[in-house]
Amino acid sequence: MRVSLNILKELIKIDKTKEELVEIFNNLMMPVEEVEEYEDDTIFELEITPNRPDLLGHLGVAFQLSSFLKVKPPELKIHYETIDETVDNLVDIEIIDKRCLRYSGMVVKELKIEESPAWLKRRLELLGLRPINNAVDVSNYVMMVTGHPIHTFDLDLLKERKIIVRKGINGEKILCLDEVERELSEDDIVIADKERAVAIAGVIGGEETGINEKTENIFIESAYFIPKYVRYTSRRLKVSTDSSYRFERGADIEATILAAKYAASLFYSFGAKVVSGIKDVKTADIVKKILKLRYKRVNSILGTNLSKEKIKDIVLSMGIKIIEESERSLKLEIPSIRRDIEREIDIIEEIAILYGYNKIGESLPMLNTGVFNDKERKKRAEVEQILNSYGFNEVVNYSFLSEKESKLSLYERESLKLKNPLSLNFEYLRTSLLPSLLKNAAYNLNREQKGVKIYEWGKIYYLLNGKIKEEENIGLLISGAPEQKWVLKSKKEYDFFELKGVIEEIFENWREKIDFKNVKKNMLIPDTTFEIILQGEVVGYIGEIEKKVRDFYDIEKRAFYGELYSEKFLSELEKRSYSEISKYPAIWFDLSLLIPDEIRYSQIKEGIEKLKIKHLETFYPIDIYKGKGVEEGKRSVTMRFVFRDPLKTLNSEEAERELNTIKLELESKYSIKLR
């Protein structure tokens, strides 16, 4: 941002040398990159951070300086007289696209289009802009002074003198001021008249209604558009202008009338006639940010002992209004121009800057030397070790999603929309880890990877009863087939049981048993979707991802997903107990069982465990068969039962008696017979 010392001196009282100003700018977090001295002016090249769009005009820079220098705030000199004619009779404004929150306009008549006065041309040249004519130059100069972009139309070239703010039409074309024809889309905000688009809102004007040598009557546009949509259009069309640069970062919605009046004042000084009145159309109320500032918090954060009066003086010098005051705090109304102030800590930071960092003494921070409880961290490390041993790779993702992706969630939850997203692809916070992991899987599978096994510990966010909830989960996703490096390659792909087995292993590591209950869940195939239940509480889900979801991410291979609630399942994993490995041999039996299809293995497992067979060490299925030789409606499952006595050699008679108890239970309770 190029800043003219002469313009600053017209706005506020400055009695500092250029060397002193360089130091002040640096202290105010506006680093000076270069100083250019001319006979008639001094130009400071300032580096302005993206969160301070208010400093993209001389008015904002002057205001910041006045706060630091403790001088009267800047005030623009605006003077014009109006003619009897009113703007309401000359132009009509209609806002259809609500992404334009405010549209203000004025009309000046009988302006002779010619070169600008020497002073204006010189100032524009020093600010890095090329003078064109007095109408265009005023637009550029107003933007550089106020920081708010305006645009000028030839009023007589607007069809029916109508301004319509609407969405673009797919395939619609506009010839822009740079003589390039561009194709619009419905995602663009367009300024149009009754017949055509006449400007791309916040980005660039159209040639057909632009100022030319025959122009006499001018319509001054001063508007406010939601920043992210201007940014999207600017990037899509690959057009970056001084105007879009400011609108993208957030112009001041309350500066539209000021900018229009200042332009009218300059046109008046060039001999134009200013039409009475201002058109000002709003699609939303201007909501003031209200924040609480605690005196104790200011001094606690800064390590200072500032008095209440000192804090109030600094706050007022920032243009912040005190609307309520108590013994402990201030209730403040933040001006719309200060988009960077969102929280109490932002005000405290600004107080530190204006008070002066050099005045704040050095002190060592207080340390809490209490014992650090790292049980949860150790549990996480063990879970990660298990996953790594099964070939999983950890991924790390942003928590942001596009609007379409935000609708792809396991849960029926209200998602959170960001106020100022980086782009349209980062508008929402995720309510599940699944969309992020699907993008990772798609990226790898579409780059000749045979399969993926990935997991992520990550935060999810959602609204519950009007309150923001934040939770940490772990998501696991597998798809494709393992990488085979042998000559004889297996064609086996990952399946549901691969992922189920890994999840079971996590809990078995702590000697914990989990159950699975069939449920329906968004984005997962109903028949293979299960709640994961630990000690009677749902701690996660597992299932196969629906094809339509895979198609959305361009994933051809089947994919399986599991999500565990970190806080719930980690807190339930208790300290493990260990026992000596028995030196006595085990006796095992394999039984081929005919099991009705409606009976789940989890039911069988639960039934056997309730018997509390004394010497039964473990049991598990080793084979499953359904087909020829097995009657319809049943499946053949071969199960292995292992018996052992830890204190002596178990004889076969004892083991067989216990096995018979199991057989009788299975037949009587579940109608399961030996094959």
Using only Cα atoms, locate the centre of segment 1-17 and the centre of segment 183-238, then give the distance between them in Å, rounded to an integer. 32
Grab the other residues whose beta carbon is less than 13 angstrom from that of Arg231, score K and R as +1, D and E as -1, and report the net. +3
Efficiency of FRET between Glu36 and Lys669 - r from beta-carbon atoms, R0 60 angstrom, step 0.05: 0.05
Specify which residue in the list Val3, Pro646, Leu69 is farthest towards the positive end of the charge dipole of the chain, using unit charges on the beta carbon of Lys, Arg (+1) and Asp, Glu (-1), about the Cα centre. Pro646
Neighbourhood net charge (12 Å Cβ-Cβ; Lys/Arg +1, Asp/Glu -1) for Asn305: +4
Peptides 664-671, 494-501: what's the order by average Cβ count within 10 Å, highest mean first? 494-501, 664-671
With a cut-off of 8 Å between alpha carbons and a minimum separation of six or more residues, what is the relative contact order of segment 550-657 in percent? 34
For Ser326 and Lys568, what is the calculated FRET efficiency with R₀ set at 51 Å and r taken between the beta-carbons, to the nearest 0.05? 0.80
Most to least packed among 281-287, 55-61, 156-162, 251-257 [average Cβ atoms within 10 Å]: 55-61, 251-257, 156-162, 281-287
How big is the Rg/Rh ratio for segment 232-298, C-alpha atoms only, Rh by Kirkwood, two decimals? 1.14
If packing is taken as the average number of other Cβ atoms within 10 Å across a peptide's residues, how do 638-648, 539-549, 620-630 rank, most packed first? 539-549, 638-648, 620-630
Relative contact order of the chain (C-alpha contacts under 8 Å, at least 6 apart) in percent is 9
Cross-link pairs Lys16/Lys121; Lys439/Lys492; Lys9/Lys214 - those with Cα-Cα distance over 28 Å: Lys9/Lys214
Over 50 Å apart: what share of the alpha carbon pairs of the chain falls there, rounded to a whole percent? 38
With a cut-off of at most 13 other beta carbons within 10 Å, and DSSP calling the residue loop, which GluC sites (Glu not before Pro) in segment 385-443 qualify? Please list them. Glu412
Over the C-alpha atoms of segment 172-289, what are the Rg and the largest Cα-to-Cα span, Dmax, in Å? 15.2, 46
What does the charge add up to near Lys273, with Lys and Arg as +1, Asp and Glu as -1, over the other residues with Cβ less than 11 Å from its Cβ? -4
Value at 222 nm in deg cm²/dmol, rounded to 500, when DSSP H runs of n ≥ 4 in the chain each add -39,500 (n - 2.57): -9000 deg cm²/dmol
Suppose a student asked you for the relative contact order of segment 391-450, using Cα pairs under 8 Å spaced at least 6 residues apart; what percent would you report? 37
Extension reserve of the Asn518-Asn305 stretch, reckoned as 0.36 nm per residue once the Cα distance is removed: 70.5 nm
Say a paramagnetic label sat at a point 7 Å from the Cα of Thr86, along Cα to Cβ; which residues of segment 264-299 have their backbone N under 13 Å from it? 276-280
24 Å Cα-Cα reach of Lys583 towards lysines, excluding residues that sit fewer than 8 places from it in its own chain: Lys612, Lys614, Lys648
With respect to the cross-link table entries Lys379/Lys459; Lys173/Lys194; Lys521/Lys557; Lys159/Lys238; Lys628/Lys663, which display a Cα-Cα separation exceeding 22 Å? Lys159/Lys238; Lys628/Lys663
Take the residue pairs Lys419/Lys520; Lys453/Lys517; Lys520/Lys673; Lys167/Lys469; Lys162/Lys228; Lys282/Lys312 and return only those whose Cα atoms are more than 28 Å apart. Lys419/Lys520; Lys520/Lys673; Lys167/Lys469; Lys282/Lys312
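Since every read-out is calculated from the coordinates, none of them should be taken as a lab result. Source: prediction; values computed, not measured. We place every Cβ from the backbone using ideal geometry, glycine too, and count neighbours over all the protein chains shown.
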